[in-house]
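Below: one structure, written as structure tokens.
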């Protein structure tokens, strides 16, 4: 086991977790055992990743900007990053709408199945509608206001990524604008902090195979009605098929723009993909994504420090694709008269904007879906029913779309690095590189 590559260890942990979860669902007291004695280890792992995400973003971004030595390079990198992110998100939405309109998974669902789904998930759906209302009532420019922190220590404590990114960029730019000898001590501090946090990533990843076992086992025991899941397979297949096509699109970019082997690229980032699948959170996976892209793909630190934190916040290709499919699926089932070409164009625009504002946490896409549906005049009294229709399979699909989100972040980091001449030979580090000197 010791000689196995990390991604194989994680994959084995995932498979064993799924098998164990299914076994526990058929054992008396099995679900309680998993919840009380297995799930906490997955929670600890996610907490550790979140613990280092903020200092990693702060240190890597400040150091990266300061190392550019030229403010104009920040503008160039920023425009390319945001431009590519928006382009890939549009492609994702269009792929999703094309698939759902061709397959039409929402047609032919029986009234009995719809009623059972509504009865099972109406309460959870109502909660998502309430969250979406709060987001909408904040005002059209609230997302812009939220970028600028009034207290950076509160922002750091609450892990408000956009505010942290703004502060880090601000500090990095100011370091460029003062004398080099005065800026040097602070730059060295953040450089050292970045190295320490990256070493923390290496150590935490030793626990990853066991953590994903716990996370997947808990996911399996959460489903009480497999029959409903089977009824929704057509919808789920559309989403998964679209996500696979999106990864295929990324691999074309890697091969023809990044000039790298797609299989090699997937192998290098696979631990981050598997963690994204297990945690359903691109924010929690961010430290691992940064470590894999920087050390194993060969993207310069200043690129990963900027592109990946921004991507974890605004690049939600998988979520956008899902929103397009989910919105049309719901309309096919309960509001077919709303399926006009104009409404689908509105879905494209709204899903794009919603993906930028979507939080990098589990099920945030469900909240943003409400906003997408309301933008096309979807009847308010049908919203809870519509969300209930897809709630049963949201968790596994959330896992899949988060994997695509993280893959997209890594792909864009490679493309930006290639365009700026910031791509070099990979130099992977191990947790015990310096162990012999201190043991």
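For segment 207-262, the tally of residues that are in a helix (DSSP H, G or I), modelled with pLDDT under 95 and loosely packed, with under 13 Cβ neighbours inside 10 Å stands at 4. For the residues 318, 305, the requirement of being surrounded by 21 or more Cβ atoms within 10 Å (Cβ to Cβ) and modelled with pLDDT under 90 singles out 305.
Restricting the first member to segment 1-23 and to residues that are more than 10 Å from residue 213 (Cβ to Cβ), and the second to residues that are in a helix (DSSP H, G or I), the beta-carbon pairs closer than 6 Å and six or more apart or on different chains are 6/271; 7/270; 7/271; 9/209; 22/220. Being touching a residue at least 24 places away in the same chain (Cβ under 8 Å) and assigned to a helix (DSSP H, G or I) narrows it down to one of 154, 171, so name that one. Result: 171 is the single residue among 154, 171 that is touching a residue at least 24 places away in the same chain (Cβ under 8 Å) and assigned to a helix (DSSP H, G or I). Of the residues making up segment 299-314, not a single one is out of contact with any helix residue (DSSP H, G or I) (no Cβ under 8 Å at 6 or more places or on another chain), in a helix (DSSP H, G or I) and over 30 Å from residue 13 (Cβ atoms). Please indicate, with yes or no, whether at least one residue in segment 4-12 is closer than 20 Å to residue 293 by Cβ and not in a helix (DSSP H, G or I). Yes, segment 4-12 contains at least one residue that is closer than 20 Å to residue 293 by Cβ and not in a helix (DSSP H, G or I). Only one entry of 160, 181, 188, 150 meets the criterion of being out of contact with any helix residue (DSSP H, G or I) (no Cβ under 7 Å at 6 or more places or on another chain) and buried (at least 18 other Cβ atoms within 10 Å of the Cβ), and that entry is 160. Checked against (1) surrounded by fewer than 20 Cβ atoms within 10 Å (Cβ to Cβ); (2) touching a helix residue (DSSP H, G or I) at 6+ places or on another chain (Cβ under 8 Å); (3) modelled with pLDDT under 80; (4) closer than 25 Å to residue 274 by Cβ, residue 357 passes all but condition (4).
Restricting attention to segment 377-423, which residues are surrounded by fewer than 23 Cβ atoms within 10 Å (Cβ to Cβ), at pLDDT 90 or above and either over 30 Å from residue 296 (Cα atoms) or touching a strand residue (DSSP E or B) at 6+ places or on another chain (Cβ under 8 Å) (or both)? Selection gives 422, 423. Pairing residues of segment 90-110 that are on the phi > 0 side of the Ramachandran plot with residues that are in a helix (DSSP H, G or I), at Cβ distances under 8 Å and at least 6 apart in sequence or on separate chains, gives 104/332. Scanning segment 377-408 for residues that are part of a helix (DSSP H, G or I), in contact (Cβ under 8 Å) with a residue 40 or more places away in the chain and more than 20 Å from the chain's Cα centre (by Cα) returns 382, 383, 384, 385, 386, 387, 388, 389. The set of residues in segment 61-72 being in a helix (DSSP H, G or I), surrounded by fewer than 15 Cβ atoms within 10 Å (Cβ to Cβ) and in contact with a helix residue (DSSP H, G or I) (Cβ under 9 Å, 6 or more places away or on another chain) consists of 71 alone. Cβ-Cβ contacts under 7 Å between residues 6 or more apart (or on different chains), taken from a first residue in segment 240-263 that is within 16 Å of residue 91 (Cα to Cα) to a second residue that is not in a helix (DSSP H, G or I), are listed as 254/260.
The values are calculated or read from the model by the stated rules, or taken from the named source; none is laboratory data. Owing to the predicted nature of the structure, the values given are computational and were not obtained by experimental measurement. Cβ: placed from backbone, ideal geometry, glycine included. Neighbour counts: every protein chain shown.
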